[in-house]
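The values are calculated or read from the model by the stated rules, or taken from the named source; none is laboratory data. Model, not experiment: these values are computed from the prediction. Every residue, glycine among them, receives a Cβ derived from its backbone with ideal geometry; neighbour counts consider all protein chains shown.
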Amino acid sequence: MKTQTSLAQTKPGLKTIDAKGKVLGRLAGEIVKYLTGKHKVNYSVHQDSGDFVTVENVGEMKFTGNKLVEKEYLHYSQYPGGMKRSALAVEFEKSPARVLRRAVARMLPRNKQRQPRMHRLTIVGEKGTKRIW
C-alpha cells in the first residue's frame with residue numbers, strides 16, 4: 001500500500017496566543033505545534049505548512065519550581081575562560097520575548113526549515129533584539 005501525500009499548498013493561517021499565566025515550556029510547545037503545522041490534517045514532514053503565530057502578554061508568563069533562580073543560560077566564546085552564564089531571572093527581566101524566542105527556537109528541529117518558521121513568530125511588544133537562532 002502506498003502512502004498518499006497532498007501536493008496542494010495550503011495558505012498559512014494566523015494564530016494569536018495569550019501568554020498570560022502560561023508556563024514557558026508548555027507555551028513554547030504550543031507555539032511550535034502551530035509553526036510546524038502539526039495541528040493540520042494534511043501535515044507532512046517535508047512540507048512547511050505552518051501558520052503565523054502572534055504572542056501577546058509575554059511579560060506575564062509563569063515559571064514552575066525554582067527555574068527563575070536556578071536555570072542558567074550558557075554561552076562559550078571559544079576562548080579559555082570564556083564561559084558566560086546568565087540566570088533566567090536576569091534574562092527575563094531584560095527581555096521576556098527573548099526568553100520565549102530562545103525556548104521556541106530550541107524546540108524546533110535543527111534543519112533548513114527552522115529559520116523560516118522562526119520568521120513566522122511575532123511577539124507583541126518585543127524590542128529590537130537580535131536574532132538568536
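So which residues in region 99-128 are over 20 Å from residue 73 (Cα atoms), surrounded by fewer than 16 Cβ atoms within 10 Å (Cβ to Cβ) and not charged (D, E, K, R)? Within region 99-128, 111, 115, 116, 119, 122, 124, 125, 128 meet the criteria.
Residues that are loosely packed, with under 14 Cβ neighbours inside 10 Å and either assigned to a helix (DSSP H, G or I) or touching a residue at least 40 places away in the same chain (Cβ under 8 Å) (or both) within region 10-24 comprise 14, 16, 20, 21, listed in sequence order. Filtering region 31-66 to residues that are in contact with a strand residue (DSSP E or B) (Cβ under 8 Å, 6 or more places away or on another chain) and farther than 17 Å from residue 96 by Cα leaves 34, 35, 51, 52.
Per-residue answers, yes or no, for (1) under 15 Å from the mean Cα position of the chain (by Cα); (2) charged (D, E, K, R); (3) closer than 28 Å to residue 39 by Cβ:
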position	(1), (2), (3)
54	yes, no, yes
60	no, yes, yes
65	no, no, no
68	no, no, no
80	no, no, no
93	no, yes, no
96	yes, no, yes
110	yes, yes, yes
115	yes, no, yes
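Flag set for residue 69, criterion: of a type in the set (A, V, I, L, M), loosely packed, with under 12 Cβ neighbours inside 10 Å and touching a helix residue (DSSP H, G or I) at 6+ places or on another chain (Cβ under 8 Å). State whether the residues of region 89-102 include one that is more than 26 Å from residue 16 (Cβ to Cβ), at pLDDT 95 or above, out of contact with any Lys or Arg (no Cβ under 6 Å at 6 or more places or on another chain) and of a type outside the set (Ser, Thr, Tyr). There is at least one residue in region 89-102 that is more than 26 Å from residue 16 (Cβ to Cβ), at pLDDT 95 or above, out of contact with any Lys or Arg (no Cβ under 6 Å at 6 or more places or on another chain) and of a type outside the set (Ser, Thr, Tyr). Scoring residue 50 on the criteria (1) surrounded by 14 or more Cβ atoms within 10 Å (Cβ to Cβ); (2) at pLDDT 95 or above; (3) among the small types (Gly, Ala, Ser) leaves a single failure, condition (2).
Would you say residue 86 is hydroxyl-bearing (Ser, Thr, Tyr), in contact with a His (Cβ under 9 Å, 6 or more places away or on another chain) and surrounded by fewer than 16 Cβ atoms within 10 Å (Cβ to Cβ)? So residue 86 fits the description; yes. Suppose we filter 36, 54, 64 for residues that are more than 22 Å from residue 16 (Cα to Cα) and touching a residue at least 40 places away in the same chain (Cβ under 8 Å); which single one remains? Selected residue: 64, the only one of 36, 54, 64 that is more than 22 Å from residue 16 (Cα to Cα) and touching a residue at least 40 places away in the same chain (Cβ under 8 Å).
Number of residues in region 118-133 that are modelled with pLDDT of 95 or more and of a type in the set (Lys, Arg): the value is 1. All of 43, 76 fail the test of being hydroxyl-bearing (Ser, Thr, Tyr), out of contact with any Phe, Trp or Tyr (no Cβ under 9 Å at 6 or more places or on another chain), more than 20 Å from residue 113 (Cα to Cα) and free of Cβ contacts under 8 Å to residues at least 24 places away in the same chain, apart from 76.
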